[in-house]
Amino acid sequence: DDINIGVYGNFTISGPSAGFAVTGFTGGANGRTLYVWNASGEQMTIKNKDAGSTPATRIQTNTGADVVLRDGNSSATFMYNSTASRWILMNSN
């Protein structure tokens, strides 16, 4: 919840040893793009508008549901939209 990405635009997740979920990121600014690479080898679930994160750090997947990325070497790109106060999932693989 509310992962602190600092000033980086490229964020690698490598620590989990079991499936995990991502609910939001801090540091949103209109138009900011974030590339997240799951290097953990575990399944990553991107939670849609999850209450585990504060409203302005939440993710909107635009599917109306959570998005599950396969284990190992999967990635997702997000863009922050200040009007919606959300990180918008732009694409994933």
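Residue-wise test of (1) of a type outside the set (S, T, N, Q); (2) under 10 Å from the mean Cα position of the chain (by Cα).
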site	(1), (2)
Tyr8	yes, no
Gly52	yes, no
Thr61	no, yes
Val68	yes, no
Ser85	no, no
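Given (1) assigned to a strand (DSSP E or B); (2) open to solvent by 70 Å² or more (accessible area, probe 1.4 Å), where does Thr83 come up short, assuming only one miss?
So the condition that Thr83 fails would be (1).
Please go through the range 14-61 and give me each residue that is open to solvent by less than 60 Å² (accessible area, probe 1.4 Å), at pLDDT below 95, assigned to a loop (DSSP other than H, G, I, E, B) and hydroxyl-bearing (Ser, Thr, Tyr), ordered by number.
Thr23, Thr26, Ser40, Ser53
The values are calculated or read from the model by the stated rules, or taken from the named source; none is laboratory data. Source: prediction; values computed, not measured. Accessible surface is based on the protein model in full, side chains and every heavy atom, while ligands, DNA and RNA are left aside. Shrake-Rupley method; radii C 1.70, N 1.55, O 1.52, S 1.80 Å.
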